[in-house]
Structures are given as C-alpha cells and as structure tokens.
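Below: the structure, in structure tokens.
All of the numbers you see were taken from the coordinates with simple rules; none came from a lab. Bear in mind the structure is a predicted one, so any value in this text is a computation, not a measurement. Neighbour counts run over all protein chains shown; Cβ positions are idealised from the backbone, glycine included.
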Amino acid sequence: MIRTQGRAGTNTRHAAVFVFQGAVAVPIPLLIPIAVMAVPVVTTAVIAAVKAISTNLPKKLHGKNVAILGAQRVGKTTLLRYLETGNLPTLPSVPTVDADLGGRFDLDIGGAAVTFDVPRDLPGNQGLGFPDWREAAEGADYVWYLFRADLVARDDVEATNLLRTHLGLLHIWLSSLTIKVPKVVLIATHVDHPPGVKEFEEIAERVASVDVIKLATTQLKAKLVTGSLSADDYAEKLRDRLTRSL
Ligand SMILES: Nc1nc2c(ncn2[C@@H]2O[C@H](COP(=O)(O)OP(=O)(O)OP(=O)(O)O)[C@@H](O)[C@H]2O)c(=O)[nH]1
Ligand SMILES: [Mg+2]
C-alpha cells in the first residue's frame, strides 16, 4: 500500500467575536441608526456561529481511521477532496489509482490528522478487490460506504445488487469482530437537488425504504446520510449531515 501525506486543509472557519470595551457616550439620535445597523451584524454573527458548530468534523475525526468503500465512480475521491479543501474539485475526475487518494494515507482535515483507507473496487475482479476492503473495514473507526442514491431509488438492478452484495459482506466481516467494531455510515450520493425540495425528499425516502438499506440500519446499526456532491452548497449540506451522523 502507498502512504502519502495530504495537503493542509483550508476550510477552518472562525465564528465572529465581538468585544465591547467599556461604555461610550453616544448622543440619543445616533443610537437609532446604530441599533438598525447592529441588527444585521448580530444576525450575521449568529449565522456564522451556527455554521461553525456544523463544521465540527475535524474534532470528530481527529486521530481516527476512516475506511471509504463503494463501487467505482460513486464519489469517494470527490468527497475526500471536498473535506480536505472545502471546495469541490474543478478538474474532471479520473478513476483513482493508488497514488491519488487511494490506498492508505493521512490527510489533514481542517487541522485534524485523519487516516483514510480507500481500497479500490475492481469490477469483474471482486475476488481480488474484497480482501483489501475487508482489511480496511476491520481496522477502521468509521466505515463510510458510498453508493448512488439516484440509481437505487429508481430500482436500477445492477446498482441495487451491488449494494446488497457489499452490505452483506460488510455485515459478515464486522459481525466477526469482538473488540473494536467500526461505526458504519451509508452515504447516498447523486441526489442532485437542494434538500427540502420534493424531488430530494422523494429520493431520500425511497432510498431509506429499500429493504437492504433498512436491514443495514438494523443489522449494522448504520446511519444513512443522503445528498449530493454536484455543487459546493449541496456538498456543504452533505458534510454537515455526515458530521452529525458521527
Ligand atoms: N451529479 C453528481 N456527480 C457526482 C456526485 N458525486 C460525484 N460525482 C461525480 O462522479 C464522478 C466520479 O466521482 P469520483 O469521486 O471520482 O468517484 P470515485 O468513487 O472516487 O471513483 P473511482 O476512483 O473510479 O472508484 C465525478 O465526475 C464526480 O464529479 C454527485 O453527488 N452528483
Ligand atoms: Mg476515486
């Protein structure tokens, strides 16, 4: 396995801090415009503070091992790049080879050192690919399993069968562990709508009701996180949901 050192993350955000230094004599007529100006400033500060809370990911992941599993082209590298830099990649994605966010490597996520293990999925060669998956899953604090929610929601046979195979294997591997059992998060990608709109909620509900997902949430005690990595604001919401699931 290749071990690489990632770049420092750049997505740390700081909540605004306001310091009031002593009383200042202000004429009464001036107080009203100042008060009017203060409302948006305070509102912005509150929003910044709420955002800072939702980016607790580095604290939760510091020192942890995360195995990222999933079929090809589901968004594993895109998610990693987003967590590392706070932005989606601008260059077209290519299948991961070991030296490029594949294999085992350390990454700096907002100041936290996290060890990721991203074994490749080898289609048609799964007998070769799965020992790496097993090793990664068994040594992890978290297993993040990514799959395409859009395909599963519309009953795509290949995607659903692959999901069933992968989650079945995960169940077998993890149920034989006695000491440290990793927490499993199922990350459903490709729901390319803003959360809250009808289309998003329909896909999210459909995916949550698929038998293999329901089984995984009970057998594996897996959490399900749904979203998209097609735009920065969708990715931010997905990251926030992922953070809450840890
Ligand atoms: N529309 C849409 N595209 C996505 C989403 N997530 C990832 N993609 C795109 O899907 C393609 C594959 O993404 P990658 O992150 O390279 O997938 P991967 O799982 O690392 O793929 P391999 O390394 O080949 O296993 C890229 O073109 C991404 O931009 C998503 O939620 N919605
Ligand atoms: Mg990749």
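Details
- Subtracting the Cα-Cα distance of Ser175 and Lys198 from 0.36 nm times their residue separation leaves 4.6 nm of extension gain.
- Less than 5 angstrom separates the built amide H of Lys64 from those of Thr115, all sequence-distant by 5 or more or on a different chain.
- Members of Lys180/Lys237; Lys183/Lys237; Lys59/Lys214; Lys198/Lys237; Lys198/Lys221; Lys60/Lys237 lying beyond 25 Å, as alpha-carbon distances in this model show: Lys180/Lys237; Lys59/Lys214; Lys198/Lys221
- Converting phi to 3J(HN,Hα) with the Karplus coefficients 6.51, -1.76 and 1.60 and the offset θ = phi - 60°, region 172-186 yields 4, 4, 6, 6, 8, 7, 10, 8, 10, 9, x, 7, 9, 10, 8 Hz in sequence order, with x at every glycine or proline.
- Neighbour net charge for Gly227 - beta-carbon separation under 15 angstrom, K R +1, D E -1: -2
- Percent RCO, i.e. relative contact order, over region 57-245, from Cα pairs under 8 Å lying at least 6 residues apart: 22
- The percentage of C-alpha pairs in region 57-245 whose separation is greater than 25 Å is 30%.
- Compactness of region 155-246 as Cα Rg over 2.2 N^0.38 Å, two decimals: 1.14
- Applying the Karplus relation 6.51 cos²θ - 1.76 cosθ + 1.60 with θ = phi - 60° to region 161-167 yields 3J(HN,Hα) values of 5, 5, 4, 4, 4, 5, 6 Hz, where x marks Gly and Pro.
- For region 237-246, putting each phi into the Karplus relation 6.51 cos²θ - 1.76 cosθ + 1.60 with θ = phi - 60° gives couplings of 5, 5, 4, 5, 5, 4, 4, 5, 7, 7 Hz, in residue order, rounded to whole numbers and with x for Gly and Pro.
- Approximating the spin labels as points 7 Å out from Cα along Cα→Cβ, the Lys60-to-Arg73 distance works out to 3.0 nm.
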